[in-house]
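The numbers here are math on the coordinates, done by the rules we state, and not lab data. All of these numbers come straight from a predicted model, not from anything done at the bench. Cβ: placed from backbone, ideal geometry, glycine included. Neighbour counts: every protein chain shown.
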Amino acid sequence: MRVSTDMNTAPMLERRPDPSSPSKAPRGDGPARQYHARLLMRDGRRYCALTGEGAIWVLPAAGCLLQPAVGDLALVSVAGAGGYVLGILERARPDQDAVVSMPGGLRLEAGRMEITARESMDIDAGPQLHLRADTGHMRFQALGIDGARLHARWTQRVDISKQRIDIANHAESHWGHSVRRIATHEEVTAASYRQVVTRDWSVRAGTAGLLGRDRVAIDGDAVQIG
C-alpha cells in the first residue's frame, strides 16, 4: 500500500495498517498510552496515526470537536489495537477553514455568550431557524432581505424613517381606525381613483378646487351648496 503525505510532515511508516480491516475501539479494561502522532491518511471516519508503536487506525473522540485533517499533529490515546484522537495539537494548514463538528444535536449553555467574527458570519439553519429573546436589538449600515413570504404579528409597531419607498404590484390595507397627518404636502396620481363612503364624507380646506377635463357631476337625493 502506498501512503501519500504532504511535504515532509511524517516519516516512513513502521508498519502498514490494512484499510480494509475493521476499526477496533480501545478496550476500557486495559491501560491507555498517549502519543503526539501525525495523521498520515484518512479512510472514512478513521485516520492513520503514526505513533511510537507504529501506524495505528484511530477514530475522533466524541469530545474532539475540531475535526482532524491529514497532516495534523494530534494527541492520540491508544489501547489495544485501536485508539482515539483526543485533540488537535497543531494544524497542518492553518490557512484552511477549521471544522468543528459533532454528530447529533448540540446545545450550548452559558450565563453570557458573545460571538465575534472579524470578517463575516454565515448561518445556514436548513429548514428552520428560531430566535427567542425578551428584548432584541439589531444594528446595520445596510440590510437586505429576500424571500418568498413574510408574515409579522405585533401588539404594537412603530416605524420611523427619513425616507420610505413602497413598491408593490398589489397592495391592500385594512384598518379598524385610521388617522393620517401630513405635515407639508401629499399628492396622489392614479389612472383611476374611487372612494366609497358608507356614512358621511367631508372636506375642509382654505381653498378647494374641483376640476374635470370632460365632465363634473354632483348627484344625490339632496344637494346643498352654501
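I'd like the residue in region 138-172 that is more than 17 Å from the chain's Cα centre (by Cα) and β-branched (Val, Ile, Thr) and, out of all such residues, is nearest to GLN128 (Cα to Cα). Within region 138-172, the match that is nearest to GLN128 (Cα to Cα) is THR155. Name, by its number, the condition in (1) surrounded by 10 or more Cβ atoms within 10 Å (Cβ to Cβ); (2) not in a strand (DSSP E or B) that does not hold for ASP134. Among (1) surrounded by 10 or more Cβ atoms within 10 Å (Cβ to Cβ); (2) not in a strand (DSSP E or B), ASP134 violates only (1).
If you go through region 63-95 and keep only what is among the small types (Gly, Ala, Ser) and either farther than 14 Å from MET41 by Cβ or part of a loop (DSSP other than H, G, I, E, B) (or both), you end up with GLY63, ALA69, GLY71, SER77, ALA79, GLY80, ALA81, GLY82, GLY83, GLY87, ALA92.
Does GLY80 fit the bill of being under 24 Å from THR51 (Cα atoms), surrounded by 10 or more Cβ atoms within 10 Å (Cβ to Cβ), among the small types (Gly, Ala, Ser) and in contact with a Pro (Cβ under 6 Å, 6 or more places away or on another chain)? Taking the combined requirement at face value, the residue satisfies it. Taking each residue of region 128-147 that is free of Cβ contacts under 8 Å to residues at least 40 places away in the same chain and looking for partners that are in a loop (DSSP other than H, G, I, E, B) with beta-carbon atoms closer than 9 Å, six or more apart or interchain, yields LEU129/ILE123.
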